[in-house]
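A.B. asks: Pasting in a structure now, in structure tokens, and then I'll have a few things to ask.
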Amino acid sequence: MCGIVGLFAKDAELEKDIGGLLTRMLVAMSDRGPDSAGFAVYRSRARGKARGRKRTLKFTLHHPDLDYDWAALKRAAAKRFAASATLDRRNNHAVLALAADPQEIAQWLAGTRPELRLMGWGEHIEVFKDVGSPASVAERFGLPGLDATHALGHTRMATESAVTTEHSHPFSVGAELCLVHNGSLSNHNRLRGFLRRQGIEFRTDNDSEVAAGYFAWRLGQGASLKEALEAGLKDLDGFFTFAVGTPEGFAVVRDAIACKPAVLAETEGWVGMASEYRAFASLPGIAKAKIWEPAPATVYSWARH
């Protein structure tokens, strides 16, 4: 099971509505996965001045306690990196933005704030996920009110690992990349060992996180997103429908058997993907949309140029 949704705004006027539209899509997939849910949104760049070659980046962080002292974290980060910082708290997550080297930030967090979990980072991406129904997770993190150029969402029925916030989707491994997955991989343990030797770090035993790490590694080797997904058709053993997000857009691919469902839809204003057609039913212009089932072992992608 598990349900996947994605929405890409071709019309800039639609960007302010992406969060609300994705919420309706995600809730429509609720019975495909009642365990947990999450979403990744690609929004405007983090505000702030770059310091030399260091860009202002956003780091989405998680702590289970609602009374966690995020303000103290913001002050400590600004002092440590001698940079102005902003913090956007959303329930038990917060997006910390400042100009700093991502490796230095990761090392500092691990050394001084080991209780925090890094959910994703980059100039554009923000990642929110938690245990609970799609409707409750969307409300908890304010998804209906978020603007974005594009977004991916997932509702989970756990088959490979525990039901926790960390095991929920999307998985973000490396800058700006996120992945949502319906299916299961049979060679994830062997592949995890190989990727660790290449320097890829994993935080869970989830098979989907291995797929995210694999694509991050391929992109780091210089592959395009299309090339990385095509390589995954050979190297990832199992059943899958993947949707992978980048700052430019997102891509969809199914395995060669295509036993996991997927539907694509496109209008003049947007492109959407979902596990089932009913996720599109309330989208504007759906009556005139081009709708089709993605072919097996074929990469479909949309990007902002």
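The numbers here are math on the coordinates, done by the rules we state, and not lab data. For clarity, every value in this text was computed on a predicted model and none was experimentally measured. Because the Cβ atoms are built from the backbone with ideal geometry, glycine has one as well, and the counts that use them run over all protein chains shown.
A.B. asks: If the limit is 21 Å between Cα atoms, which of K58/K129; K129/K290; K10/K54; K79/K129 go over it?
C.D. replies: Numbers: K58/K129 16 Å; K129/K290 31 Å; K10/K54 30 Å; K79/K129 29 Å.
Pairs exceeding 21 Å: K129/K290; K10/K54; K79/K129.
A.B. asks: Something else now. Can you tell me what the convex hull of the Cα atoms of the range 165-225 projects to on average, as an area in nm²?
C.D. replies: Values: hull surface 16.4 nm².
If you wrap the Cα atoms of the range 165-225 in a convex hull and average its projections, you get 4.1 nm².
A.B. asks: On to the next question. Taking a cut-off of 12 Å between Cα atoms, list the aspartates and glutamates near K260, but don't count ones fewer than 8 places away on the same chain.
C.D. replies: Candidates past the 8-residue exclusion: E276, E293.
A.B. asks: Quick check for you: which residues of the range 147-179 have the amide N under 16 Å from the point 7 Å beyond the Cα of Q103 toward its beta carbon?
C.D. replies: Within reach of a label on Q103: 174-175.
A.B. asks: Cα convex hull of the range 242-303: how many Å³ per residue?
C.D. replies: 80 Å³
A.B. asks: May I pose another question? Between the range 99-113 and the range 212-271, how many Å separate their Cα centres?
C.D. replies: 30 Å
A.B. asks: Let me ask something else about it. What whole number of Å gives the distance from the Cα centroid of the range 149-180 to the Cα centroid of the range 7-40?
C.D. replies: Each part's Cα centre sits 14 Å from the other's.
A.B. asks: Rounded to whole Å and sorted largest first, what semi-axes of the equivalent ellipsoid does the C-alpha gyration tensor of the range 8-146 yield via the square root of 5 times each eigenvalue?
C.D. replies: Each semi-axis is the square root of five times an eigenvalue, giving 28, 19, 11 Å.
A.B. asks: What does the convex hull of the Cα atoms come to per residue for the range 56-122, in Å³?
C.D. replies: 72 Å³
A.B. asks: Go ahead and run the numbers for FRET between R89 and T159, Cβ-Cβ distance against an R0 of 45 Å, rounding to 0.05. Each step should come with its number before you reach the end.
C.D. replies: Values: r = 32 Å, r/R0 = 0.72.
My answer for the efficiency is 0.90.
A.B. asks: Then there is this: Test of understanding: ordering K58, K290, K226 by Cβ neighbours within 10 Å, fewest first, what list do you get?
C.D. replies: Ascending Cβ contact count within 10 Å gives the list K290, K226, K58.
A.B. asks: How large is the charge dipole for the chain, taken about the Cα centre, if only the Cβ atoms of Lys, Arg (+1) and Asp, Glu (-1) carry charge, to the nearest 20 debye? Write down the numbers at each step before the final one.
C.D. replies: Details: 38 positive and 35 negative charges, 202 e Å.
Computed charge dipole of the chain: roughly 960 debye.
A.B. asks: Mind checking which lysines have their C-alpha under 19 Å from K226, skipping anything on the same chain fewer than 8 residues away?
C.D. replies: Counting by Cα, and skipping residues close in sequence, K226 has these lysines nearby: K234.
A.B. asks: Can you tell me what percent of all Cα-Cα pairs in the chain are more than 30 Å apart?
C.D. replies: 27 percent
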